[in-house]
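Here the structure is laid out as structure tokens; the discussion comes afterwards.
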Amino acid sequence: MTIWHASRQASRHIAIVHEAAMLPDLVSLALFLRAVESRSLSKAARERHLALAAASRRIAILEHCYGTQLLYRSAKGVEPTPAGKALAFHAQKILGQEQLLRAELSSYSQGVKGHVRIQANTSAITQHLPRDLAVFSHRYPEVKIELVESRSHVINQNVREGRTDIGIVMSGDTLEGISYLPYQQDRLAAVVPRGHELKSKTVPFARILDYDLVGLDSDTAMMRLLLQAAADLSRPLRLSVEVASFEAVCKFVQAGVGIGVLPENAARNFAKEMGLRIIKLTDRWATRQMLICFRGMDALPLAGRKLVELLADPDTEQRLSPRDQDGG
């Protein structure tokens, strides 16, 4: 090695040490996380509009910063080392928080004071949540609400990983690592065509098992509950078809394909128009508890804390007050 080459290497090392003192920065963390996800540093560099050499330098600085190798490199691409997997986990959280910060500050710049991300299951969205969010929006018109519909078990995971601020889920799924408060209850009911032989106003679930059932997707909390209830009775669940929405269940029931089981309040949205009857299930488990889940009050933005307080308040049942209705 020549003196010139050795000097150049030493200068490069000094530069990396100097830059490492200011890192990790968000650009490097995003680059690293994308490289792990795509298993390719060159692809991650292209997506971030960086030269491959510049991307490699950023990874080298990260490795120097943490004092350990983060990526295994091969002709096939890159793989995270055990330390790299740990960094990817935390980088995802850090970048998620930065996105939340960016959204909230953007809202302030546009005159909107706050931003809350909420994910809710179908039962909540089709029953109680719209009117509760209407109350919140009247009281806090400066807050922007971002609402996404999803499955309860997915929502729990997204809350745990910081992908959403607040979740509305059904009890029964694992709540490890997150906080929760009671929200609303719903009661499941059978939905049958108006001329169906089941004439009573109430019925035990065991009687429902005598008929073909129009069901929801099997990964929904409600279908898992029905499958477990049938198993407890040592009876099969005679699924004639599985669909993705409450409305689709009602349409297939209307067509005579089978009977359905839905939250009573949600079924009422379709029953009159489609000529359906609603029969309440008498089983204790048919009354379900919804939960508000979040990582912790301290982890929520102020607007998020206000929303949790409103959703958890039983007096919110009064819904729109005259003050709310006139926007005062």
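The values are calculated or read from the model by the stated rules, or taken from the named source; none is laboratory data. Since the model is a prediction, treat every value here as computed from it, not as a measurement. Positions of Cβ are backbone-derived with ideal geometry, glycine not excepted, and every protein chain shown enters the neighbour counts. For the accessible areas, the whole protein counts, side chains as well, though only heavy atoms, and no ligand, DNA or RNA atoms are used. Shrake-Rupley method; radii C 1.70, N 1.55, O 1.52, S 1.80 Å.
Computed over the range 187-305, the Cα gyration tensor eigenvalues convert (square root of 5λ each) into semi-axes of 29, 17, 14 Å, ordered from largest to smallest. Among the listed values (i) 19.3, 59; (ii) 18.6, 55; (iii) 26.7, 96, the one computed from these coordinates for Rg and Dmax of the Cα atoms in Å is (iii).
Please compute the net charge surrounding Gly162, taking Lys and Arg as +1 and Asp and Glu as -1 over other residues with Cβ under 10 Å from its Cβ. Walk me through the numbers before you get to the answer.
Values: positive: Lys93, Arg117, Arg160, Arg163, Arg295; negative: Glu161, Asp165.
Overall, the nearby charge balance is +3.
For the range 180-231, the extents of the C-alpha atoms along the principal axes are 42, 22, 17 Å, listed from largest to smallest.
With everything on Cα atoms, drop me the angle between helix 26-38 and the longest principal axis of the chain, reported from 0 to 90° to the nearest 10. On a 0 to 90 degree scale, this one is about 70. A 1.4 Å probe run over the chain, with the rest of the protein chains in place, finds 53 Å² accessible per residue.
Taking 25 °C and 0.890 mPa s as the conditions, I'd like the Stokes-Einstein D for the range 92-234 in µm²/s, using the Kirkwood hydrodynamic radius from alpha carbon pairs.
On the way: Rh = 18.0 Å.
Result for D is 136 µm²/s.
Straight-line cross-link reach from Lys201 at under 30 Å between alpha-carbon atoms covers these lysines, not counting any fewer than eight positions away in the same chain: Lys251, Lys272, Lys280.
Compute the angle between helix 3-20 and the longest alpha-carbon principal axis of the chain, please, reported from 0 to 90 degrees and rounded to the nearest 10. The answer is roughly 30 degrees. The 1.4 Å probe gives accessible areas that order Leu31, Leu237, largest first, as Leu237, Leu31. Positive end of the dipole of the chain (Cβ unit charges, origin at the Cα centre): among Cys250, Tyr72, Pro141, the Cα lying farthest that way belongs to Tyr72.
For the chain, a crude dipole built from +1 on the beta carbon of Lys and Arg and -1 on the beta carbon of Asp and Glu, taken about the Cα centre, is about 660 debye to the nearest 20. Can you tell me the orientation of helix 129-139 relative to the chain, as the angle in degrees between its alpha-carbon axis and the longest Cα principal axis, to the nearest 10? That helix lies at roughly 60 degrees to the long axis. Of the accessible area of the chain, with the probe set at 1.4 angstrom, what percent is carbon plus sulfur? Using a 1.4 Å probe with all protein chains present, the chain comes out at 53 percent carbon and sulfur. For the range 289-309 versus the range 182-220, the spacing of their alpha-carbon centroids is 32 Å.
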